[in-house]
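Only one structure is covered here, and it is reproduced in the block below.
The values are calculated or read from the model by the stated rules, or taken from the named source; none is laboratory data. Note that the coordinates shown come from a computational prediction; the quantities given were computed from them, not determined experimentally. Glycine gets a Cβ as well: all are built from the backbone with ideal geometry, and neighbour counts include every protein chain shown. For accessibility, only protein heavy atoms count, side chains too; no ligands or nucleic acids. Shrake-Rupley method; radii C 1.70, N 1.55, O 1.52, S 1.80 Å.
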Amino acid sequence: MSHIQFRDLSVSYRRPKSDERFLAIDRISLDIERGSFVAVVGSSGCGKSTLLLAAAGLVSLASGRVVIDAAPVTGPGGHAAMVFQDASLLPWRSVLGNVRFGLEMRRWKRDDLTERALRHIRMVGLGDFADYHPHQLSGGMRQRVNIARALAVDPEVLLMDEPFGALDAQTREVMGNELLRIWERDRKTALFVTHDIEEAVFLADKVVVMGRDPGRIKDVVQVDLPRPRSPDMLDSETFVTIRRRLRESLAEDMASLRLVTEGV
Amino acid sequence: MSLSLGKSADGTRRAPGVRLLRRWPLRRSTTISLLSVLIFLALWQTVPALGLMNARYTSQPSAVAIAFAQMLGEASFYGHAWVSLQEFVLGFVLALAVAVPFGALLGTSRQVRLILDPPLMALYIAPPLVLLPILTIWLGIDMASKVAVVFLGAFFPIIVNTGAGMREADPRLVRAAQSFGAGRLAIFTHVLVPGALPSIAMGVRLAVGRGVLSVVVGELFVSRAGIGHLLQIYGSALRMDRLLVCALVVSAFGYALTQLVRRLEDGLRSWRAEP
Ligand SMILES: Nc1ncnc2c1ncn2[C@@H]1O[C@H](COP(=O)(O)OP(=O)(O)O)[C@@H](O)[C@H]1O
Ligand SMILES: [Mg+2]
């Protein structure tokens, strides 16, 4: 059985300043295998974050369900840990304090908290920065802390919502390689949202393309590149073919979006 | 730049050739403030002496200094200062103890906010001194009525800023905490409270000013002791020198306390400072 199952999942939100609700994602079904790395791409507003929040138990569902490890997700704090885009670190806590924070919230035993946090801080290459505060770190370093914080709680599932979205292209590439290196160690089931197609293909075993209005899955593409991945695969035929297909799927969406905005 | 004395405000540039002044120990901004105070004192001292103004109405720095020395030798002065200090501290501590928890409630509960916001705002804008006659009728002319008016003066800045600090908590931080399974209490203690501390400290700082004002005006209104009472006595006796000593003591107290809270605030905000 798949590790994560989305079954006919719909999530609705209230429109601002009215009681009317709209569907952010509409009857999505998706299976994610244990130990696989799945990337989600799609234009902004198509419900990628919502999908992740549903897996994390952070939104209430309008219909359907999310099942992780054969158990329906009913609330936050269970199997999944989440890495957000920038600015989700507590600014008044040090790097160590932030990584400890996740462990404290998950009620890990006190005595090995610091030890465990430090081990994960070293793992993401920030061993010398444990006492720094977030405002003293670069964007890339902050995201390393975010990743360390999520992995420290030893989640079954790692959910990442555009974790490198605020980084420059070069740092992004470094972080992608780094993430894969860390991920290869214990291959936790990973769900990774990005708007960067190359990043998606480079990292993932499977790329899910979402479309909008309402949010739904348009395409699922298997990435048959061997692991460990290396930057020279970016020029391989497989890579280029997949990238083209993804670009086309996304372009349709962009085209319809343009029609909508021009029509108004 | 011709007046540049050693280190300039940014501490880097030096005016070339000003050898003698290079070791001037104060920063440029401090120097200018100091100079302006000195010039003011000099004018104040000389203008009445030249007969251009009546020292009876303006006094002189030297007269004020002498009065200050005299008052420091009078036991009654300490008695009055002690009464005012007690009124201030009691009222302020009470305000802190009540306003912070209620501010937290205000910042975290929509219902409480809907109920309390309009009356709070009305009271925040109206000076609590408006209630002085009523408080005096209820609590008498001694310390209790002053404690109450300090309480009211300090209460509103603290409650309003505590509430705002909690309400403006970063939703991204709240969500991140939730994703790790933090419940309402954990979010309150680990996200809302630390995030609101600088704002609470700012409320406290504003409250210091209002509290000091409240003590003095409360005593001026009607009292039998306190610095405000002294002001009343010296005022009707036309003792400019002693009136100014009282004014100086009050503002020095308010200034010192405000600076202390500002320090605290800066410490609390240090995690926000850009490197
Ligand atoms: N808390 C919310 N309240 C109301 N609408 C929301 C909320 N969160 C997201 N939305 C809306 O739902 C849609 C999907 O949002 P999201 O999942 O964040 O998309 P994505 O991450 O793909 O950009 C968007 O139209 C967005 O404006
Ligand atoms: Mg998003």
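Can you find, within region A:55-93, the residue that is nearest to A:Met175 (Cα to Cα) among those that are away from ligand 1 (no atom under 15 Å from the Cβ) and of a type in the set (D, E, K, R)? So, considering only residues that are away from ligand 1 (no atom under 15 Å from the Cβ) and of a type in the set (D, E, K, R), the one nearest to A:Met175 (Cα to Cα) is A:Arg93.
Can we say A:Arg181 is out of contact with any helix residue (DSSP H, G or I) (no Cβ under 9 Å at 6 or more places or on another chain) and either closer than 18 Å to A:Val41 by Cα or at pLDDT 90 or above (or both)? Against the criterion (out of contact with any helix residue (DSSP H, G or I) (no Cβ under 9 Å at 6 or more places or on another chain) and either closer than 18 Å to A:Val41 by Cα or at pLDDT 90 or above (or both)), A:Arg181 qualifies. Within region A:44-60, restricting attention to residues that are surrounded by 18 or more Cβ atoms within 10 Å (Cβ to Cβ) and more than 13 Å from the chain's Cα centre (by Cα), the residue that is nearest to the other protein chains (Cβ to nearest Cβ) is A:Leu58. Residues in region B:162-185 that are closer than 12 Å to A:Leu90 by Cβ and either crowded, with 19+ Cβ neighbours inside 10 Å or at the interface with another protein chain (Cβ under 8 Å from one of its Cβ atoms) (or both): B:Ala169, B:Asp170, B:Arg172, B:Leu173, B:Ala176, B:Ala177, B:Phe180, B:Ala182. Looking at region B:131-142, can you tell me whether even one residue there is part of a helix (DSSP H, G or I) and modelled with pLDDT under 90? Within region B:131-142 (the criterion being part of a helix (DSSP H, G or I) and modelled with pLDDT under 90), the answer is yes, since at least one residue qualifies. Scanning region A:134-174 for residues that are among the aliphatic types (A, V, I, L, M) and either within 16 Å of ligand 2 (Cβ to nearest atom) or within 12 Å of another protein chain (Cβ to nearest Cβ) (or both) turns up A:Leu137, A:Val145, A:Ala150, A:Ala152, A:Val153, A:Val157, A:Leu158, A:Leu159, A:Met160, A:Ala166, A:Leu167.
The sole residue among A:Ser12, A:Ser36, A:Ser49, A:Ser44 that is away from ligand 1 (no atom under 12 Å from the Cβ) and touching a residue at least 40 places away in the same chain (Cβ under 8 Å) is A:Ser36.
Just to be sure before I move on: is B:Ile159 open to solvent by 40 Å² or more (accessible area, probe 1.4 Å) and either more than 14 Å from chain A (Cβ to nearest Cβ) or in a helix (DSSP H, G or I) (or both) in the structure I sent? When the stated conditions are applied, B:Ile159 does not pass them. Quick check on B:Pro119: is it assigned by TED's automatic domain parsing to the domain that holds B:Gly163 and more than 30 Å from B:Asp170 (Cα to Cα)? So B:Pro119 fails the test.
Each row is one residue, and each column tells you yes or no for (1) touching a residue at least 12 places away in the same chain (Cβ under 8 Å); (2) assigned to a strand (DSSP E or B); (3) within 13 Å of chain B (Cβ to nearest Cβ).
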residue: A:Arg65; (1), (2), (3): yes, yes, no
residue: A:Gly75; (1), (2), (3): yes, no, yes
residue: A:Met82; (1), (2), (3): yes, yes, yes
residue: A:Pro91; (1), (2), (3): yes, no, yes
residue: A:Val99; (1), (2), (3): yes, no, yes
residue: A:Trp108; (1), (2), (3): yes, no, yes
residue: A:Asp112; (1), (2), (3): no, no, no
residue: A:Glu115; (1), (2), (3): no, no, no
residue: A:Tyr132; (1), (2), (3): yes, no, yes
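Just a yes or no: is a residue in region B:147-162 free of Cβ contacts under 8 Å to residues at least 24 places away in the same chain and over 20 Å from B:Ile200 (Cβ atoms)? Within region B:147-162, not a single residue is free of Cβ contacts under 8 Å to residues at least 24 places away in the same chain and over 20 Å from B:Ile200 (Cβ atoms).
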